[in-house]
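Dropping the structure in here first, questions after.
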Amino acid sequence: MSATQPARKPRGRQFFANPGPTNIPDSVLLAGAHQTMDFNDPNFIEVYDGCIAGLKRILKTEQNIFLYTGSGHAAWEACLVNLLSAGDTILIIESGYFSISWAKMAEDLGMEVRTVEADWRRGVDIAAVKAALAADTGHAIKAVCVVHNETATGMMIPVPEVRAAIDAAGHPALLMADTISSLGSLDFRMDEWGVDAAVGGSQKGLMLHTGMSFNGVSNKAMEVHKTSKLPKHYFNWTNMLARPHKSFVGTVPISFFYMLQEALRLIEQEEGLENVFLRHSRLARAVRAAVQHWSGNNGPQLFCLNPSRYSDSVTAIMMPEGVNADALRAIALQKYNVSLGGGLGPLGGKVFRIGHLGDLNEPMILGTLATVELAMKVAGVPHAPGGVAAAIASLAE
Ligand SMILES: *Cc1c(COP(=O)(O)O)cnc(C)c1O
């Protein structure tokens, strides 16, 4: 093929098995094709207000919410700059690539970062979180940051246990929880779990395009916000409260709200939030059954070694020693048009990920698993054939 020839366009539908962005339902795509309008138009305000109420129901909060035109990183940054001051100390619970990225952001913003280190395959020991807080008798730590669902490793960290550790240590630190890849796919309860700042994004469980993110903010955190000194303007919640929508400095991204309105309708009315969670856990179990089967014969295995923390929205799969995950992903994509997630940071080339969150059903998962098995056979990756049958058995239970 010469350099001027376009790449061959594969026929059929792409099976998109990334953990974010995720598949966008057709009705959501169509809802986004809405003519733009004045964001103060009463017709839009009605849609906007409905979406805010819906987001609060999904976050399970009756407190505050602020939104940004920007991906999840924007909401990460917003909760740091609105709640902290230069030189403040925060405690990050290590879980994988995303916890480390959030920590790096905090450092760049001038914060002192302490880390509760953890084995990425087993996850943090909550007792170590409690010990770190108990040792901080001077209460230097202003916030504890946890990634609810570590998208890079396929592990869920129990946020209520982190809350309990903070309370047991009698520590006043705020609790910040990244729910970017858990919201709308795993149960998350902001108010009940005592989360002070929740971080959410549009393109994962909420099944929208990338480009909108938000924070749920507790009333306690709103008081802390008043004393925060980090520079901010676009992200400043005080500026937002003076705006007509009590959010968004600048133009409101209209089309996102038409899409969000439809996504909320699918989640809450058509399927029901509890059923959404059950579907994710059913599909996740099937993926794990396939991988556990493949692992016979020195095949790939589940990256997460802690069954009580398996993620129901993404599975990271560790390749056998010396076998490149990206070579397998390239075959899956180029030959069969199945897009798998890659390994992030130090897991690059060692891990591939199957995202099973958002708009997904059994045939999509089975198709993906069957194609991974096919690609392993073609690539000569050692594995025990029959993982798909194990997934079918799991789904038929
Ligand atoms: C995707 C993701 C992010 C980053 O969000 P962007 O929208 O890519 O900026 C942060 N945390 C977690 C857990 C994620 O899955």
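The values are calculated or read from the model by the stated rules, or taken from the named source; none is laboratory data. Fair warning: this is a prediction, and the values are worked out from it, not measured in the lab. Here Cβ is always computed from backbone atoms with ideal geometry, including for glycine, and neighbour counts include all displayed protein chains. Just the protein is used for accessible areas: all its heavy atoms, side chains included, with ligands, DNA and RNA removed. Shrake-Rupley method; radii C 1.70, N 1.55, O 1.52, S 1.80 Å.
Over its Cα atoms, what ratio of radius of gyration to 2.2 N^0.38 Å does region 194-241 give?
Region 194-241 yields a ratio of 1.33.
Check the straight Cα-Cα distances from residue 142 and name the aspartates and glutamates below 15 Å, setting aside those fewer than 8 residues away within the same chain.
88, 107, 112, 167, 196, 223
Sort the chain into rounded, prolate or oblate with this rule: let a ≥ b ≥ c be the square roots of the eigenvalues of the Cα gyration tensor; rounded if a/c is under 1.5, and if a/c is not under 1.5, prolate when a/b is larger than b/c, oblate otherwise.
It comes out oblate by the Cα gyration axes.
Checking the a/c ratio against 1.5 first, then a/b against b/c, what shape does the Cα gyration tensor give for region 61-169?
Rounded is the answer for region 61-169, as its axis ratio a/c remains below 1.5.
While we're looking at this one, here's another question. I want the local charge near residue 351. Using Cβ-Cβ distances under 13 Å, sum +1 for each Lys or Arg and -1 for each Asp or Glu among the other residues.
That works out to +1.
Express the accessible area of the chain per residue in Å², computed with a 1.4 Å probe while the remaining protein chains stay in the model.
Averaged over the residues of the chain, the accessible area is 41 Å².
Carbon and sulfur: what percent of the chain's accessible surface (1.4 Å probe)?
Looking at the chain in its full context, I get 53 percent from C and S.
Rg and Dmax of region 273-396, Cα atoms, in Å?
That works out to 13.4, 42 Å for Rg and Dmax.
With a point put 7 Å past each Cα toward its Cβ, work out how far residue 135 is from residue 14 in nm, to one decimal.
According to this spin-label approximation, the distance is 4.6 nm.
Where is the GNM fluctuation largest for the chain (alpha-carbon springs, 10 angstrom cutoff): 47, 81, 291?
47
222 nm [θ] for the chain, helices only, -39500 (n - 2.57) per DSSP H run of 4+, per residue, to 500?
Roughly -12000 deg cm²/dmol at 222 nm, from the helical runs in the chain.
Please say if region 309-360 is rounded, prolate or oblate, where rounded means a/c under 1.5 for a ≥ b ≥ c the square roots of the C-alpha gyration tensor eigenvalues, and otherwise the choice is prolate for a/b larger than b/c and oblate otherwise?
oblate
Taking a label point 7 Å from the Cα of residue 306 along the Cα→Cβ vector, which residues of region 340-365 have an amide N closer than 14 Å to it?
Hits in region 340-365 for residue 306 at 14 Å: none.
Nearest 5 is fine: what % of DSSP beta bridges in the chain come out antiparallel, could you say?
Bridges in the chain are about 55 percent antiparallel.
Only helices at least 20 Å long along their own axis, judged from Cα atoms, and with Kyte-Doolittle mean hydropathy of -1.0 or greater: name those in the chain from DSSP H.
Helix filter hits for the chain: 42-59, 273-294, 362-379.
Here is a follow-up. Once fully extended, how much extra length lies between residue 384 and residue 239, figured as 0.36 nm per residue of separation less the alpha-carbon to alpha-carbon distance?
46.4 nm
When the chain is fully extended, how far beyond the present Cα-Cα distance does residue 334 get from residue 168, taking 0.36 nm per residue of separation?
Contour length minus Cα-Cα distance gives 54.6 nm.
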